[in-house]
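Below is one structure; the comments refer to it alone.
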């Protein structure tokens, strides 16, 4: 929001675009790690292609509690 305001004052949207580009890869890696914690593949992020239902399903997956112990992707950092 602040970058959008600064961009409007400067007459450009470059700062918002640059910020979005910078946080794109870390957000994908964070969501992949979170999906691995609940025992799902990182490819489940592609469900966002489905307009509304995909977002709801992904949010539910990301909000679930981690699996205890070890799953196919390794040991959960929450339950070592």
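The values are calculated or read from the model by the stated rules, or taken from the named source; none is laboratory data. All figures in this text were calculated on a predicted structure; none of them were measured in a lab. Quick reminder, even Gly has a Cβ in these numbers, built from the backbone with ideal geometry, and neighbours come from all protein chains shown.
The set of residues in the stretch 11-32 that are under 9 Å from the mean Cα position of the chain (by Cα) and either within 15 Å of residue 60 (Cα to Cα) or outside any helix (DSSP H, G or I) (or both) comprises 31, 32. Inclusion of residue 22 among residues that are surrounded by fewer than 15 Cβ atoms within 10 Å (Cβ to Cβ) and modelled with pLDDT of 85 or more is warranted. In the stretch 54-80, how many are touching a helix residue (DSSP H, G or I) at 6+ places or on another chain (Cβ under 8 Å) and either touching a residue at least 60 places away in the same chain (Cβ under 8 Å) or on the phi < 0 side of the Ramachandran plot (or both)? Qualifying residue count, the stretch 54-80: 13. Can you pull out the residues in the stretch 38-76 that are more than 18 Å from residue 28 (Cα to Cα) and part of a helix (DSSP H, G or I)? Result: 53, single match.
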